[in-house]
Amino acid sequence: IFRRHNQMLSNNETGRGANALLRTNSFVMLLTSPAYYVQNLMQPMMMSAPYMAGNHGMVASATALNSAMAKAAKALRKGTSLDHIADGMGLNEEERAALVRARDLGHIDIGMSSDFGHITHTDATRGEKALSFVTDKITEISRRVEMVNRIGTFVAAYRLERRRLGRNGKGGAEAAWQYADEVVYKTHGDYSGINAPRLFTANTFAKIATQFRKFQLIQAGMMIGLARKAFYDAPPLEKAIA
């Protein structure tokens, strides 16, 4: 913990050249890898729906996700503010407050775009500004897809759990929020720098070499956690069969 804390406080900013390289690599990937968009769009069905199915069943989970994601996508056409999204999705006051709380924790709009590289406009060269202008348009598409995924997943999980608990169920809105936030955090992950292995941010070379590698670790962490949870209290024979 102390090593991580010290690394986060140290002055280890990514240089302008490295940021330009990260942004260029992102731009090439977004233009030449259709698989990225397919994988990103399918993430709720590939990871969130099976995770939610443990509490709510696969059909109910997939149906709720489809509905919430479609409404989130439609709402995001009018703007990315939470007011636009909440109004467009028809969220009630309780759901709106829950979404704001998740946003404030950084679990709604922190996706793979954090790995795209940043170009500071104040002291950027003409070439860097031109690169930033073009790539910002492309990366914004990826960011919106990520927001649809995360907001749709959060709202679907919140509504399903709220319905399961009942309006007067134990814990009520707080329990539903905890569950929805857990689903987003476990199945979509936290791509912020503080959540990355120290090796990933040790130096400029490490940042470039490990670009877009957090997703695999997030997947592995979820699968290992679920496997442990599934067999933790199982009898020896059941563990052997598994």
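The values are calculated or read from the model by the stated rules, or taken from the named source; none is laboratory data. From a predicted model like this one, the values you see are computed outputs, not experimental measurements. Counting neighbours? That spans all protein chains shown, and the Cβs are built from the backbone with ideal geometry, glycine included. For accessibility, only protein heavy atoms count, side chains too; no ligands or nucleic acids. Shrake-Rupley method; radii C 1.70, N 1.55, O 1.52, S 1.80 Å.
Computed values, structure above
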item: Pair list, Cβ under 7 Å, 6 or more apart: region 174-186 residue within 12 Å of M222 (Cβ to Cβ), other residue assigned to a helix (DSSP H, G or I) and open to solvent by 10 Å² or more (accessible area, probe 1.4 Å); result: V183/Y51; K186/Y51; K186/M222
item: Any hit, region 25-33, residues being within 26 Å of D136 (Cβ to Cβ), touching a residue at least 60 places away in the same chain (Cβ under 8 Å) and in contact with a Lys or Arg (Cβ under 8 Å, 6 or more places away or on another chain); result: no
item: Selection count where residues are within 27 Å of L160 (Cα to Cα), among the small types (G, A, S) and open to solvent by less than 60 Å² (accessible area, probe 1.4 Å), scope region 12-57; result: 4
item: Region 214-227 residues that are under 14 Å from N195 (Cα atoms), paired with ones that are of a type in the set (S, T, Y) and surrounded by 14 or more Cβ atoms within 10 Å (Cβ to Cβ) (beta carbon under 6 Å, 6 or more apart); result: K214/Y191
item: Scope region 58-67; condition of a type in the set (S, T, N, Q) and crowded, with 18+ Cβ neighbours inside 10 Å; matching residues; result: S61
item: Failed criterion for D123 (all others in (1) farther than 24 Å from L160 by Cα; (2) at pLDDT 90 or above hold); result: (2)
item: Selected residue (only one of E146, E182 is closer than 21 Å to S67 by Cβ and touching a Gly at 6+ places or on another chain (Cβ under 8 Å)); result: E146
item: Residue in region 97-114 that is of a type in the set (D, E) and surrounded by 14 or more Cβ atoms within 10 Å (Cβ to Cβ) present; result: yes
item: Pick from region 193-203, criterion hydrophobic (A, V, I, L, M, F, W, C) and within 27 Å of N40 (Cβ to Cβ), ranking: modelled with the lowest pLDDT; result: I194
item: Qualifying residue in region 148-170 (condition: open to solvent by 40 Å² or more (accessible area, probe 1.4 Å), aliphatic (A, V, I, L, M) and closer than 23 Å to N40 by Cβ); result: no
item: Unique residue being within 29 Å of L160 (Cβ to Cβ) and of a type outside the set (D, E) when the list is H84, H5; result: H84
item: Output for region 68-96, where each listed residue is open to solvent by 20 Å² or more (accessible area, probe 1.4 Å), of a type in the set (G, A, S), within 17 Å of the chain's Cα centre (by Cα) and within 12 Å of V155 (Cα to Cα); result: none
item: Given (1) in contact with a His (Cβ under 9 Å, 6 or more places away or on another chain); (2) open to solvent by 60 Å² or more (accessible area, probe 1.4 Å), number of the condition E174 does not satisfy; result: (1)
item: Any pair with Cβ under 9 angstrom, 6 or more apart, that starts in region 131-159 at a residue that is free of Cβ contacts under 8 Å to residues at least 24 places away in the same chain and ends at one that is open to solvent by less than 30 Å² (accessible area, probe 1.4 Å); result: D136/I119
item: Complete set of residues in region 204-233 that are at pLDDT below 85, open to solvent by less than 70 Å² (accessible area, probe 1.4 Å) and not charged (D, E, K, R); result: T204, A206, I208, A209, T210, Q211, F212, F215, A230
